[in-house]
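Read the figures in this text as sums done on the coordinates, not as results from a lab. Only a predicted model underlies this, so the values are computations on that prediction, with no experimental measurement involved. Ideal geometry is used to build each Cβ from the backbone, glycine not excepted, and the neighbour counts take in all protein chains shown.
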Amino acid sequence: MITVSDVSLSFGGQVLFKNVDLKFSEGNCYGVIGANGAGKSTFLKILNGELEPSTGTVSMPKDKRMSVLKQDHFAFDEYTVLDTVIMGNKRLYDIMQEKDALYAKEDFSEEDGERAGALESEFAELNGWEAEADASKLIQGLGLDEGILYSQMSGLSGNEKVKVLLAQALFGSPDVILLDEPTNHLDIDAIRWLEDFLQEYFGTVIVVSHDRHFLNNVCTHIVDIDYTKIKMYVGNYEFWYESSQMMQRLMKQQNKKTEEKLKELQEFVSRFSANKSKSKQATARRKLIEKVSVEEMPASSRKYPFIGFDMDREPGKDIVQVDGISKTVDG
């Protein structure tokens, strides 16, 4: 559905990510994770064409439609809720506007009639007759009253606008949906409804979120932005986290073994480099030291909270021993 080829992005000499090669397929939900400032929202902007990468390309079939969760809560204040939701399918909305303009003409010509006929045909293909009903289902699913459809966006609260813009992104069965923090300002019922919607969705979903529970429930893949790289893993957030921690432990164990080997070799060289009978062995070990290197784990951009307590000494078998305790109350 979407192919990312050799994409890199730098700002002011700082590399956010480089040499990214990914494929996003139909029927999957991809959770984009990473520390603040790692480039998650920026990566989504590259995918939707809002931002040009420093190198590489992003491609999607021309007959596929992408929908993006808008972040500007005031961009649609002059429109009704219904119009705002239907704008999620821009082509359908444009057809509706052109149809209304044609039918409002006093000098409706034969040419206008032919154009109207073509528009009506495309309108039906895009399920235009069900547009209001579909918009209503989305609005109600997100916890808003159906009566809000004909209200002006400017009169809505911030949380209501968030839900309307989310309904806009989900409207009209887009092939690809890009969602940046969709659960922000949503109540628990709306989040559960969104999880159910995405689990049944047929297309491709790419979502940035800090909500681990949400990512666990909807994601089939995790896209991790860290170490200036973007890597894709199969599974939800919990599976990715456990796997990444295991790999970190394995790398640390391997580095520890290498460090111990280096120390052993260095000690041998120090002891026997001046010993003629051992000089050949010392020279061989010196060459080996030059080849052995401790692989440094790249510094992650993540900061995990940690509290640790060190014991002064190991406790014995008996931690607490209690003998002959008694207690009386009021005599």
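Summary table below
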| read-out | value |
| --- | --- |
| Criterion: touching a residue at least 12 places away in the same chain (Cβ under 8 Å), surrounded by fewer than 16 Cβ atoms within 10 Å (Cβ to Cβ) and more than 18 Å from R212 (Cα to Cα) - qualifying residue of V15, V20 | V15 |
| Boolean, T84 is hydroxyl-bearing (S, T, Y) and either more than 22 Å from the chain's Cα centre (by Cα) or more than 29 Å from T220 (Cβ to Cβ) (or both) | yes |
| Test for D187: is it acidic (D, E), out of contact with any Cys (no Cβ under 6 Å at 6 or more places or on another chain) and touching a residue at least 40 places away in the same chain (Cβ under 8 Å) | yes |
| Candidate set from region 196-210 (those that are surrounded by 16 or more Cβ atoms within 10 Å (Cβ to Cβ) and in contact with a helix residue (DSSP H, G or I) (Cβ under 9 Å, 6 or more places away or on another chain)); member that is nearest to G39 (Cα to Cα) | V208 |
| Cβ pairs under 6 Å, 6+ apart, first in region 112-134 and outside any helix (DSSP H, G or I), second surrounded by 11 or more Cβ atoms within 10 Å (Cβ to Cβ) | L126/L92 |
| Filtered residues of region 146-158 (kept if part of a loop (DSSP other than H, G, I, E, B) and surrounded by 11 or more Cβ atoms within 10 Å (Cβ to Cβ)) | S151, L156 |
| Breaking point among (1) polar (S, T, N, Q); (2) surrounded by fewer than 18 Cβ atoms within 10 Å (Cβ to Cβ); (3) within 22 Å of the chain's Cα centre (by Cα), for S67 | (2) |
| Among the candidates P182, P174, residue that is in contact with a Ser or Thr (Cβ under 8 Å, 6 or more places away or on another chain) and either in a helix (DSSP H, G or I) or over 22 Å from H210 (Cα atoms) (or both) | P174 |
